[in-house]
Amino acid sequence: MLVTTHDWHWGPASLAGGVAAAILAIIIGYPCLRLKGPYFAIAMLGLNEVMRVLVSYFEGLTGGGLGLSLPTLYASVEIYYAMGLAAAAVTAAAALIITSRFGLRLMTIREDEVAAEAMGINTARYKLYAFLLSAFTPGVVGGFFARDQGYIEPISVFQLPITITMIVMALFGGKGTIWGPVLGAGALFVFEELVWARFLYLHQIFFGAIIVVVVLLMPRGILGVLQERYRLPRTL
């Protein structure tokens, strides 16, 4: 909207999108992070649909179901480098966080939230911080994606397969690690392209099969298996 109505450059507009996503995460996270396990997942899926309906309803602001068309971008090289820079920055930030006091407290909460609370850690506050950080980056990269595509509308933006794909990539590579999601994203991207080219209507079934295999046979993902077999550092 900043690009189409106020003629902002896509870079600052994307950063503004990240800030907006972080603010929304605070509003949503405060009540929803009190939920645990599947209840939290169901709440997030429900909010995804709520956002899709709201965006579709306010036609004067968002274009409604017709979406928004951005000015033609004749070269996407800048966006390519911006996405690469964002990926490098997030990976570096994750490496710093995981060895920091903040990161150690997050890992303690992940392993045993009750024990973390008994140790005096404010679990609600730290989970909200993590939720905020996890919203900012997709908000920024979502702006890059919109600029690259040149057109966005509610159905394509809020579709469930995108969310599922990101979750599968993290699980496949190794959740709770730095390089696991990077490894999972690269491997599954190549796999998806190969399968999609040969099985146009069945590639989602293969993704479902991967989820089952990972959950049953590799709960810690590829990187977790490599860490156990070759005694790699847990900070990877």
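The values are calculated or read from the model by the stated rules, or taken from the named source; none is laboratory data. Keep in mind that this is a model prediction, so the values were computed, not measured. Cβ sites come from the backbone with ideal geometry, for glycine too, and all protein chains shown count toward neighbours.
Say we look at region 122-158 and pick out the residues that are among the small types (Gly, Ala, Ser) and buried (at least 16 other Cβ atoms within 10 Å of the Cβ); which of these is nearest to the chain's Cα centre (by Cα)? So that I can check it myself, show each step before the final result.
So the first thing to find is which residues in region 122-158 are among the small types (Gly, Ala, Ser), and the list is 124, 130, 134-135, 139, 142-143, 146, 150, 156.
When the remaining residues are screened for being buried (at least 16 other Cβ atoms within 10 Å of the Cβ), the result is 130, 135, 139, 142-143, 146.
On the way: Ala130: 12, Ala135: 7, Gly139: 9, Gly142: 10, Gly143: 13, Ala146: 15 Å.
Among those residues, the one meeting the criterion is Ala135.
Can you name the residue in region 83-117 that is acidic (Asp, Glu) and part of a helix (DSSP H, G or I) and, of all such residues, is surrounded by the fewest Cβ atoms within 10 Å (Cβ to Cβ)? Break it down into steps so the answer makes sense when it comes.
Within region 83-117, the subset acidic (Asp, Glu) is 111-113, 117.
After this cut, where a residue has to be part of a helix (DSSP H, G or I) as well, the list is 111, 113, 117.
Numbers: Glu111: 10, Glu113: 15, Glu117: 14.
Selected residue: Glu111.
If Pro161 satisfies every condition in (1) more than 22 Å from Ile109 (Cα to Cα); (2) more than 14 Å from the chain's Cα centre (by Cα) but one, which is the exception?
Evaluating Pro161 over (1) more than 22 Å from Ile109 (Cα to Cα); (2) more than 14 Å from the chain's Cα centre (by Cα) leaves (2) as the failure.
For region 149-236, list the helices (runs of 4 or more DSSP H) that sit wholly inside it and hold at least 3 residues that are at pLDDT 80 or above; which are they?
160-173, 180-198, 203-217, 221-230
Taking region 16-47 on its own, how many of its residues are of a type in the set (A, V, I, L, M, F, W, C) and either part of a loop (DSSP other than H, G, I, E, B) or loosely packed, with under 15 Cβ neighbours inside 10 Å (or both)? Before you say what the answer is, go through the steps one by one.
Step one: list which residues in region 16-47 are of a type in the set (A, V, I, L, M, F, W, C), which gives 16, 19-28, 32-33, 35, 40-45, 47.
Adding the requirement that they be either part of a loop (DSSP other than H, G, I, E, B) or loosely packed, with under 15 Cβ neighbours inside 10 Å (or both) leaves 19, 23, 26-27, 33, 35, 40-42, 44-45, 47.
Number of matching residues: 12.
Would you be able to say whether some residue in region 80-93 is of a type in the set (Ser, Thr, Tyr), over 25 Å from Tyr57 (Cβ atoms) and in the same structural domain as Leu202 (by TED's automatic domain parsing)?
Taking region 80-93 first, the residues of a type in the set (Ser, Thr, Tyr) are 80-81, 91.
Filter again for over 25 Å from Tyr57 (Cβ atoms), leaving 80-81, 91.
From what is left, the residues that are in the same structural domain as Leu202 (by TED's automatic domain parsing) are none.
Checked region 80-93: no residue is of a type in the set (Ser, Thr, Tyr), over 25 Å from Tyr57 (Cβ atoms) and in the same structural domain as Leu202 (by TED's automatic domain parsing).
Residue by residue through region 62-82, note down the ones that are exposed (fewer than 12 other Cβ atoms within 10 Å of the Cβ) and either modelled with pLDDT of 80 or more or not in a loop (DSSP other than H, G, I, E, B) (or both).
Quick first cut of region 62-82, residues exposed (fewer than 12 other Cβ atoms within 10 Å of the Cβ) only: 71-72, 74-75, 77, 81.
Selection gives Val77, Tyr81.
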